[in-house]
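Structure record follows, encoded as structure tokens.
The values are calculated or read from the model by the stated rules, or taken from the named source; none is laboratory data. All figures in this text were calculated on a predicted structure; none of them were measured in a lab. Because the Cβ atoms are built from the backbone with ideal geometry, glycine has one as well, and the counts that use them run over all protein chains shown.
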Amino acid sequence: MRQLLLLRHAKSSWDETSLSDHDRPLNARGRRTASIMRQAMRDLGLQPDIVFVSAARRTQETMELLEPWDETPLIEPMESLYLADVPHLLSVLRGVAETARSVMFIGHNPGLHDMALTLVGQETLENHAIVHHAPLRGLTQGFPTGALAEFTVPGLWSEVGPGTARLVRFLTPRDIGGAD
């Protein structure tokens, strides 16, 4: 069984209006919640083998606050993940070596939220499974900054697509004691 982790960057700063969206840093709250998320990931034993991270400053800073890892993953900064859509995210995921057990994306909305909903699948979303599955209820309400979705992927990375993953948990900084 494979594991996929989708982490939206932590809260960024809008203080420096001269900066482009790509160059915005995390704000103090974002740094605090990224550290809280790091501890939650450690407590849950979430340790990716590969991390694909957008080249935007706020995603890079979020990733840095997840360090140090118990076992350092392969970290792949990718310019193409900046505001990437579902087809691109799926393309990257389908290209992962089948020997990788756990993959993490650190990126942006709306792409990560759309990707999470795609992986769950329209049938599951329409099947009223949301009522009995708290993580799914949370995911359908949005994907706030600092949120983490964990999926199990029973098949091959090369076969990942709509409805092929199962949402295990959906954590937001607010859920684990951090304000967001």
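What to note about this one:
- Failed item, numbered, when Leu74 is tested on (1) exposed (fewer than 14 other Cβ atoms within 10 Å of the Cβ); (2) under 19 Å from Asn109 (Cα atoms): (2)
- When residues of region 22-64 are limited to those that are in a helix (DSSP H, G or I) and small (Gly, Ala, Ser), the one surrounded by the fewest Cβ atoms within 10 Å (Cβ to Cβ): Ala28
- Qualifying residue in region 69-76 (condition: of a type in the set (Phe, Trp, Tyr) and modelled with pLDDT of 95 or more): no
- Number of the condition not met by Leu81 [criteria: (1) crowded, with 18+ Cβ neighbours inside 10 Å; (2) farther than 13 Å from Ile106 by Cα]: (2)
- Residue within region 98-106 that is touching a Leu at 6+ places or on another chain (Cβ under 8 Å), modelled with pLDDT under 95, buried (at least 21 other Cβ atoms within 10 Å of the Cβ) and of a type in the set (A, V, I, L, M) present: no
- The residue pairs whose first member lies in region 1-17 and is in contact (Cβ under 8 Å) with a residue 12 or more places away in the chain, whose second member is among the aliphatic types (A, V, I, L, M) and part of a loop (DSSP other than H, G, I, E, B), and whose beta carbons are closer than 7 Å, counting only pairs six or more residues apart or on different chains, are Leu4/Ala165; Leu5/Leu46; Arg8/Ala147.
- In this structure, Gly121 does satisfy being at pLDDT below 95, among the small types (Gly, Ala, Ser), within 26 Å of Leu44 (Cα to Cα) and touching a Ser or Thr at 6+ places or on another chain (Cβ under 8 Å).
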